[in-house]
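Reading through the structure tokens given below for one structure.
The values are calculated or read from the model by the stated rules, or taken from the named source; none is laboratory data. From a predicted model like this one, the values you see are computed outputs, not experimental measurements. A quick note on method: Cβ atoms are made from the backbone with ideal geometry, for glycine too, and the neighbour counts reach across all protein chains shown. Surface areas here come from the heavy atoms of the whole protein model, side chains and all, with no ligands, DNA or RNA. Shrake-Rupley method; radii C 1.70, N 1.55, O 1.52, S 1.80 Å.
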Amino acid sequence: MIKECGSKKILLLLLFAGSLYQIVINWNALISFDNSNDCYLSHEQQQQQQQQQQQQQQYSYNNDENVCRGYEGVLRIRSGDPGAAAGTVFFVFMVNHLLYAERYNLLPWVHLDNTSHRIYDNIAHGGGVSSLFMEEGFIPSKIVKFADGELIIPQGPSKTSSRRKRPISIYGNGVSYFEPVSPFSPNETLCEKPFYALDLQQVAPGLHACLTWTVRAWPYGEFERRQSNITIEDWYRDMRRKAATIVRRYIHPKPWLHEAAQEANPHSDCLAMHVRKTDKTLSGGRDKISMKTYLKAVKKYSNDDTIIYLATDSSETLDTIKAKWPPSIVERVRTQKHTIRSNSSSPTFDQSSHDRTNREVMTDIYAMAKCSVLLHGRSAVSEAVLYINPDMQNVDLDRSVKATLGEEIPDGTWWHDSLQ
């Protein structure tokens, strides 16, 4: 009797547990049905859900794909030299880092920090420090001594590594006005390769002035000071051809920059004129060009209906043109509207937000690149224009105070052949 009662109790408990389990299963199914059934979603909600699913799939794909496959590692492009401004950092230093990455089969990743303080903006570009967890690689240098100094020449990445991953500090959110140069994105893409970055001396003077295969905006490099068997025309031609190839391959502006350049200069049959004043002589090896020289060149290289796009950092330049140039030429001059210009020798990046001056310089560069002729002196901004549009006719006016436009000028001097 006792055994029979115990059996009944056990049976009742099992039946109750089974019923409870079925209730839980049905409840979960009901919840799942209510949350997932597209019949209860509006058309807009269904589209949002599809987009979210696609993004999740893409994110999963990026995480599963080793973007570094086939490369020796990742090269972080983090700065120019401390005093470099927009044209030099975003084009000359960028091109040289990319040349280094190609030479040593590294996947480039641009994340500029506050080393180049003239282009870094703490508000727009961030002031915090984040970390990425990767194997840190090492780039050695070769020191070449000579009578009046030494050259610091960065070598290829070291093949030896501890293979240990560790946190690598990254400052700010990066400074980018261009599309990414590669698919690498820290913490979002898989990369089981070393992470490299050139140190400050390897960047400048090393990469900037001490290697024979990198580019210069004008002949300021150590090797150029010792060369005598090449004309300046051939030297510039080689530099611009090399840089233009890299720019075409990697440096692509974001849509807003295209739109800003188009708004500033909607013309293509135009003459661009870059007039650099303010701090130009601080960089050395360059002359300030008189506005009389620019006027002579404008008359020579434009027609009566040619639009003249002027990019300048100097309010004095605009005042001189309006006051002293012929009205028939003044009425054809166009400039970017509402930009910061200096009325002294102080550069514009010392007078306003660096993010604003960066954007204005980039807009001027791409606006000038739309033209067919460029009048200019020695400047990284002018060179950037020629890297973007290597087919445009360029007229280098630097040191033209010592020559007459149209005069026969011997080879090996600083004059562009279009002035002969």
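A few remarks follow.
- Under the condition of being farther than 20 Å from V361 by Cβ, among the charged types (D, E, K, R) and modelled with pLDDT under 90, the residues counted in segment 236-288 number 1.
- Selected residue (criterion: nearest to Y120 (Cα to Cα)) from residues of segment 323-350 that are open to solvent by 80 Å² or more (accessible area, probe 1.4 Å) and modelled with pLDDT under 95: D350
- Those residues of segment 306-329 which are closer than 28 Å to L257 by Cβ, out of contact with any Cys (no Cβ under 8 Å at 6 or more places or on another chain) and without any contact (Cβ under 8 Å) to a residue 60 or more places away in the chain, in sequence order: L310, T312, D313, S314, S315, E316, T317, L318, I321
- For segment 184-220, a residue qualifies if it is of a type in the set (S, T, N, Q) and touching a residue at least 60 places away in the same chain (Cβ under 8 Å), and the qualifying residues are S185, T189, Q201, Q202, T214.
- Residues being over 31 Å from the mean Cα position of the chain (by Cα) and either buried (at least 20 other Cβ atoms within 10 Å of the Cβ) or closer than 16 Å to H376 by Cβ (or both) - total across segment 299-310: 3
- Residue match in segment 213-236 (condition: in a strand (DSSP E or B) and more than 30 Å from K370 (Cα to Cα)): no
- Entry remark, segment 122-142: residues being part of a loop (DSSP other than H, G, I, E, B) and of a type in the set (A, V, I, L, M, F, W, C) number 2 in total.
- Qualifying residue in segment 95-104 (condition: open to solvent by 30 Å² or more (accessible area, probe 1.4 Å) and either modelled with pLDDT under 90 or of a type in the set (V, I, T) (or both)): no
- Subset of segment 105-117 [over 14 Å from G70 (Cβ atoms) and open to solvent by 10 Å² or more (accessible area, probe 1.4 Å)]: W109, V110, H111, D113, N114, T115, H117
- Of all residues in segment 157-177, those satisfying the criterion of being open to solvent by less than 20 Å² (accessible area, probe 1.4 Å) and either more than 23 Å from the chain's Cα centre (by Cα) or within 19 Å of G80 (Cα to Cα) (or both) are I170, G172, G174, V175, Y177.
- For segment 151-165, the set of residues classified as modelled with pLDDT of 85 or more and either under 15 Å from E135 (Cβ atoms) or assigned to a strand (DSSP E or B) (or both) consists of I153, P154, P157, S158, listed by residue number.
- Residue, surrounded by the fewest Cβ atoms within 10 Å (Cβ to Cβ), within segment 178-201, restricted to residues that are assigned to a loop (DSSP other than H, G, I, E, B) and of a type in the set (S, T, N, Q): N187
- Among residues of segment 206-235, those that are open to solvent by 30 Å² or more (accessible area, probe 1.4 Å) and at pLDDT 90 or above, counted: 1
- Here S79 clears all of (1) surrounded by 23 or more Cβ atoms within 10 Å (Cβ to Cβ); (2) modelled with pLDDT of 95 or more; (3) of a type in the set (S, T, Y) except the condition numbered (2).
- As for segment 353-366, it holds no residue that is more than 22 Å from Y220 (Cα to Cα), part of a loop (DSSP other than H, G, I, E, B), at pLDDT 55 or above and open to solvent by 60 Å² or more (accessible area, probe 1.4 Å).
- So S141, is it surrounded by fewer than 20 Cβ atoms within 10 Å (Cβ to Cβ), at pLDDT 90 or above and in contact with a Pro (Cβ under 7 Å, 6 or more places away or on another chain): yes
- When the residues of segment 311-322 are filtered to those that are among the hydroxyl-bearing types (S, T, Y) and open to solvent by 20 Å² or more (accessible area, probe 1.4 Å), the one that is modelled with the lowest pLDDT is S315.
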